[in-house]
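These notes are about the structure you will find just below.
Laboratory data are not the source of any read-out in this text; all were calculated from the coordinates shown. Just so it is clear, the model here is predicted, and its values are computed rather than measured. Quick reminder, even Gly has a Cβ in these numbers, built from the backbone with ideal geometry, and neighbours come from all protein chains shown.
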Amino acid sequence: MLIERLSYNNILQEGQWVLSIQNDIIDPNILNPKEDAMVEAMLSNPITSTPSKSIIITISTDNGVVATLAGTT
């Protein structure tokens with residue numbers, strides 16, 4: 001198992017992630033109900049280097065909200 005923690009950046013680079021919010025009307029740069037977020041990430045390690053080729057993505061917030069998505073390549 002390979003765990004990679006990505007850091008936020010305004011420009012997508014290796015080992016980092018960026019966020020764009022669609023319909024960002026209420027509070028600019030804050031995700032609110034009825035707004036859509038798109039997260040793009042660039043991993044430092046290729047997914048093909050993991051034997052199972054499984055991916056688990058976990059996104060968490062400062063106030064404790066956690067979302068997890070699992071899949072395979």
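Net charge dipole, the chain: roughly 300 debye, given to the nearest 20, about the Cα centre with Cβ charges of +1 for Lys and Arg and -1 for Asp and Glu. Ordering Met42, Tyr8, Ile56 by Cα displacement along the dipole of the chain toward the positive end leaves Ile56 in first place; charges were set at the Cβ atoms of Lys, Arg (+1) and Asp, Glu (-1).
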